[in-house]
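**Student:** Below are the structure tokens for one structure; questions will follow.
The values are calculated or read from the model by the stated rules, or taken from the named source; none is laboratory data. This one's a predicted model, so the numbers in the text were calculated from it and none came from an experiment. When we count neighbours, we look across all protein chains shown, and the Cβ atoms used for this are built from the backbone with ideal geometry, even at glycine.
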Amino acid sequence: MTKIDHIGIATKSIDSALPFWKALGFEASGGGIVEEQGVEVRYMQNMSDTRIELLEPTGSDTPVGRFIERRGEGIQQLAISVPDIEETIEKLSKMGVIMINSKPQIGHGGNRIAFVHPSSSGGVLIELVESP
């Protein structure tokens, strides 16, 4: 069984984005810097456990920095929670899905993550998330 783990939104400034999400009933629920991906993250969560991940690049030559440069601020990825990330990667690869990561990486909070290339998912960057 899978669920939407969070929706990642690229922003130039987390601090500037916070008031909007707070006005909609979201509260900060954690975050930090993920050095390997060159991004600062701040999770926003509401009473129904919907999570938004605000993503601020630590530099222009990072995946989120390049995303903002090309497309502007906005939805950068849809994260799907999976029970076994290796099994999911293998299953998708056998289907011909193009993976950005053929092996899991460590994301924020120690979660194991891997990305599906947007060309295989209708133009949407999909992040697979396996929580520890």
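**Student:** What number of residues within region 77-99 are in contact (Cβ under 8 Å) with a residue 24 or more places away in the chain and outside any strand (DSSP E or B)?
**Tutor:** 9
**Student:** Would you point out the residue of region 39-79, among those that are of a type in the set (D, E) and in contact with a helix residue (DSSP H, G or I) (Cβ under 7 Å, 6 or more places away or on another chain), that is nearest to L18 (Cα to Cα)?
**Tutor:** E56
**Student:** Going through region 69-124 one residue at a time, which ones are among the basic types (K, R) and either surrounded by 18 or more Cβ atoms within 10 Å (Cβ to Cβ) or more than 16 Å from G8 (Cβ to Cβ) (or both)?
**Tutor:** Passing the criteria: K91, K94, K103, R112.
**Student:** Name the single residue that is nearest to E35 (Cα to Cα) among those in region 56-76 being over 17 Å from the mean Cα position of the chain (by Cα) and outside any loop (DSSP other than H, G, I, E, B).
**Tutor:** Filtering region 56-76 for residues that are over 17 Å from the mean Cα position of the chain (by Cα) and outside any loop (DSSP other than H, G, I, E, B), the one nearest to E35 (Cα to Cα) comes out as E69.
**Student:** Which members of region 100-132 meet the condition of being touching a strand residue (DSSP E or B) at 6+ places or on another chain (Cβ under 6 Å), not in a loop (DSSP other than H, G, I, E, B) and not β-branched (V, I, T)?
**Tutor:** Q105, H108, R112, A114, F115, E127, L128, E130
**Student:** Does region 53-69 contain at least one residue that is in contact (Cβ under 8 Å) with a residue 60 or more places away in the chain and either at positive phi or of a type outside the set (G, A, S) (or both)?
**Tutor:** No, that holds for no residue.
**Student:** Moving to a separate point now. Suppose the filter is of a type outside the set (G, A, S), in a loop (DSSP other than H, G, I, E, B) and over 14 Å from V116 (Cβ atoms); does D15 pass it? Give the steps one after another, and end with the answer.
**Tutor:** Numbers: of a type outside the set (G, A, S): yes; in a loop (DSSP other than H, G, I, E, B): no; over 14 Å from V116 (Cβ atoms): yes.
No; evaluated as a whole, the condition is false for this residue.
**Student:** Further, regarding this structure: What's the total number of residues in region 18-42 that are assigned to a strand (DSSP E or B) and either farther than 20 Å from L125 by Cα or at pLDDT below 95 (or both)? Don't jump to the end; show me each part of the working.
**Tutor:** Residues of region 18-42 that are assigned to a strand (DSSP E or B), as a first pass: 27-34, 39-42.
From the residues that got through so far, the ones that are either farther than 20 Å from L125 by Cα or at pLDDT below 95 (or both) too are 27-34.
Of the residues in that region, 8 qualify.
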